[in-house]
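First up is the structure itself, then whatever we jot down about it.
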Amino acid sequence: MTVALDSWAVLRFLENSDPVASAVSDLLDRQRPVMSWINLGEVHYVLRRLHGEEAAAETVRDIRDVIDVRLPDERLVIDAARIKADHPMAYADAFAAALAMACDATVWTGDPELLAHEAPWSWRDLRNLDPAN
């Protein structure tokens, strides 16, 4: 199974917020998940606000070593726009969904906007992971 990470999952990982951090760490030991540059940009701005530019830039460099970060092409931009038009979510979240669909991947997230029932993308809700597993 291919996994797409959104900013919510990566930020919980970076915060070492278990059980999400452990689940993402285990994933990174097994495979190289995909992520949109749009979503990694979200991670950057959150970290910049909290810790400054140097820490944000360094973290983005480190993430690129373990995650397959993809620039959106024309098709992905239009797919994200269609998702945004059809579902109440932030435009950046639509990129996570569009990338997951393009890669036949499952979005790992806890963002309620991406956890849409009857969504055309697959998702895994990380909010309620069993800490024992």
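Worth pointing out:
- Anisotropy class of the chain from Cα gyration tensor, a/c 1.5 cut: oblate
- Segment residue 17-residue 45, extension gain: residue separation times 0.36 nm, minus the distance between their alpha carbons: 8.2 nm
- Volume per residue for the stretch 39-94 equals 83 cubic angstrom (convex hull of Cα atoms).
- Magnitude of the charge dipole, the chain, Cβ model with Lys/Arg +1 and Asp/Glu -1, debye to 20: 120 debye
- Extension gain from residue 29 to residue 103, taking 0.36 nm per residue of separation minus the Cα-Cα distance: 24.7 nm
- Extension gain for residue 124 to residue 53 (0.36 nm times residue separation, less C-alpha to C-alpha distance): 22.5 nm.
Throughout, read-outs are computed from the coordinates displayed, never taken from laboratory work. Everything quoted here is computed from the prediction, not taken from an experiment. Positions of Cβ are backbone-derived with ideal geometry, glycine not excepted, and every protein chain shown enters the neighbour counts.
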